[in-house]
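Q: Could you have a look at this structure, given as structure tokens, before my questions?
Nothing in this text is a laboratory measurement; each read-out follows from the coordinates by a stated rule. Keep in mind it's a predicted model, so treat the numbers as computed, not measured. Using ideal geometry, Cβ is built from the backbone for each residue, glycine included, and neighbour counts are taken over all protein chains shown.
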Amino acid sequence: MKTICRIGVGGPVGSGKTALIEELVPRLVQRHLKVLVVTGDAVSTEDADHVRRALKGILAEDRIAGVPAAVRRDAVEDLESRFPDTDVVLIENGAADFVVHVIDVAAGDRIPRKNGPGISRSDILVVNKTDLAPYVDADLGVMAADAAVQRGGKPVVFTNCRTGFGIPELTERILEGALFDVGVRV
Amino acid sequence: MLVEQIRGNLADGAWRPANTDVLRLDQWEAQKRRLRKLTDGGVDIALSLDRGTRLRDGDVLWADEGGDSIIVARLEFGEVMLVDLPRRDADGALRAAVELGHAIGDQHWPAVVKGGQVLVPVTLDREVMDSVMRSHAFTGISHRFVPGTDVIAYLAPQDADRLWGTR
Ligand SMILES: Nc1nc2c(ncn2[C@@H]2O[C@H](COP(=O)(O)OP(=O)(O)OP(=O)(O)O)[C@@H](O)[C@H]2O)c(=O)[nH]1
Ligand SMILES: [Mg+2]
């Protein structure tokens, strides 16, 4: 049986993981990929509801699940078995083959320097909310330089989910890094 | 180069290659079923394995027809912290287990219990981990660091996944 690619979207609370998933799915669907989404809801169904609304007409509601962390692995397997012809599952805060770590510019430009497993080990580091940089005196150049030191050449992508800035680049990085054998159907 | 199947392992003894190129994977990368990375020789490897498959050190990822040229996976493991808990009295053991669990959870460190010990992978820096452990000043709990290769052989796949998998 074909292995469905699992992509984890992790990072601190409120950094924009759900927003990023909502931006990515239309681009992946546009590339004719069959997508599933598992959101990171801890106690509510807030995120899953939000994603369903945002992706109305793009992704069928039953391809989106919202489950607490403790049962996430089972939920992913369950969803995959219901949609076996899927190419990729986007999992907020879950176990995955490929990890996108999302940090928030507004949390301060020293975050990459402070390091941590998400910063150094993730397959792609996303620095989200670039629009907020002026409000918190964050220097994106410093963040890029520090991240480069910690990550030894692995990709760093700057995004703004409000305008879609950086999303095409992020999509390309995901296609080449994780979906190399399925991402070629154009 | 797309690799969807392991061709064998150097330990099989069946391989007499003239040219060996190496794909070096760290402990985190070794848990992945899907990965893209350059070999020492600059070959772009795109790994796409079944979910049940687990990479081992010495796995042959590619071989030419006669097996003269091959590409081999080398797994490079970092250190693991081994923690010993007191066992004499039940109350002391329970207290130590809860205190250690609280400290480990606070750091978001993954952990596995194996053979009466708690195993924690060294995530970033052994000095940092050591000072975190010492600052708790636990009673009856001791820890030391050993090479990951010393423990990997004893670990079940799900244990390795717990310690080094991306979660
Ligand atoms: N200004 C700005 N706001 C953003 C951006 N991306 C996300 N947000 C907002 O940031 C808030 C948090 O975004 P989410 O996508 O819910 O973040 P999350 O990481 O999924 O949060 P949790 O699931 O609660 O951990 C929301 O109000 C988003 O609208 C961005 O690029 N710029
Ligand atoms: Mg969310």
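Q: Give the lysines reachable from B:Lys114 as a straight Cα distance under 26 Å; neighbours fewer than 8 places away on the same chain don't count.
A: B:Lys32
Q: Partner chain Cβ atoms within 10 Å, averaged over the residues of A:118-129 - can you pull that number for me?
A: Across A:118-129, the average partner-chain Cβ count within 10 Å equals 2.
Q: Just for chain B, what percent of DSSP beta bridges are antiparallel, to the closest 5?
A: 70 percent
Q: Follow-up question, since we're still on this one. Pop out the Kirkwood hydrodynamic radius of region B:79-164 from its pairwise C-alpha distances, inverse of mean 1/r, in Å to one decimal.
A: 13.2 Å
Q: A further question on this structure: Determine the dipole magnitude for the protein assembly as shown: charges of +1 sit on the beta-carbon of Lys and Arg, -1 on that of Asp and Glu, nothing else is charged, the reference point is the Cα centre, and the result goes in debye to the nearest 20.
A: Value, rounded to 20: 220 debye.
Q: Taking K and R as +1 and D and E as -1, what net charge do the other residues with C-beta under 11 Å from the C-beta of B:Ala156 add up to?
A: +1
Q: Rg/Rh for chain A to two decimals, with Rh computed the Kirkwood way over all alpha-carbon pairs.
A: Result for chain A is an Rg/Rh of 0.95.
Q: Something else about it: Assign unit charges at the C-beta atoms only (+1 for Lys and Arg, -1 for Asp and Glu), then state the dipole size of chain B relative to its Cα centre in Debye, rounded to the nearest 20.
A: The dipole magnitude comes to about 420 debye.
Q: A follow-up question, please. Please give the residues of region A:110-140, grouped as numeric ranges, whose backbone N is less than 17 Å from a label point set 7 Å along the Cα-to-Cβ vector of B:Ser135.
A: The answer is A:114-117.
Q: Go ahead and estimate [θ] at 222 nm for the protein assembly as shown from helices alone: -39,500 (n - 2.57) per DSSP H run with n ≥ 4, summed, over the residue count, rounded to 500.
A: -9000 deg cm²/dmol
Q: Assigning unit charges at the beta carbon (Lys, Arg +1; Asp, Glu -1) and nothing else, what dipole magnitude in debye, to the nearest 20, does region A:11-86 show about its Cα centre?
A: It comes to approximately 300 debye.
Q: Students often check this: by mean Cβ neighbours within 10 Å, which of A:122-134, B:148-160, B:86-98, A:79-91 ranks highest, and how do the rest follow?
A: A:122-134, A:79-91, B:148-160, B:86-98
Q: Label region A:71-122 by shape, choosing from rounded, prolate and oblate, from the square roots a ≥ b ≥ c of the eigenvalues of the Cα gyration tensor; if a/c is under 1.5 it is rounded, and otherwise prolate applies when a/b is larger than b/c, oblate when it is not.
A: It comes out prolate by the Cα gyration axes.
Q: Hey, rough spin-label estimate for B:Ala93 and B:Leu2, points 7 angstrom out along Cα→Cβ, what's it come to in nanometres?
A: It works out to 5.3 nm between the two label points.
Q: Compute the FRET efficiency between A:Ala144 and B:Asp44 as 1/(1 + (r/R0)^6), taking r as their Cβ-Cβ distance and R0 = 30 Å, and round to the nearest 0.05.
A: About 0.75, to the nearest 0.05.
Q: Next up: Projected onto the charge dipole of region B:79-164 (+1 at Lys/Arg Cβ, -1 at Asp/Glu Cβ, origin at the Cα centre), which of B:Ala111, B:Leu85, B:Ile152 gives the Cα projection farthest towards the positive end?
A: B:Leu85
Q: Can I ask one more? State, to one decimal in nm, how far the label point of B:Asp68 lies from the label point of B:Arg54, with both points 7 Å from Cα in the Cβ direction.
A: 3.7 nm
Q: Considering only lysines 8 or more places apart in sequence, or on different chains, count the pairs in chain A whose C-alpha atoms sit under 25 Å apart.
A: 11
Q: Rounded, prolate or oblate: which fits region A:71-171 when a ≥ b ≥ c are the square roots of the eigenvalues of the alpha-carbon gyration tensor, with rounded for a/c under 1.5 and prolate only if a/b beats b/c?
A: Verdict is prolate for region A:71-171.
Q: Quick one: net charge around A:Lys129, please, counting Lys, Arg +1 and Asp, Glu -1 for every other residue with C-beta under 13 Å from its C-beta.
A: -2
Q: Per-residue Cβ counts within 10 Å, from other chains only, averaged over B:32-40: what number is that?
A: Other-chain Cβ atoms within 10 Å of each residue's Cβ, averaged: 4.
Q: Residues with beta-carbon under 15 Å from that of A:Ala138, excluding A:Ala138: net charge, scoring Lys, Arg +1 and Asp, Glu -1?
A: -2
Q: I would also like to ask the following. For B:Val113 paired with A:Asp181, estimate the spin-label separation in nm (one decimal), with each label point 7 Å from Cα along the Cα-to-Cβ line.
A: Modelled inter-label distance: 3.8 nm.
Q: Kindly identify region A:11-86 as rounded, prolate or oblate by the Cα gyration tensor criterion: order the square roots of the eigenvalues as a ≥ b ≥ c, call it rounded if a/c is under 1.5, otherwise compare a/b with b/c, prolate if a/b is larger, else oblate.
A: oblate
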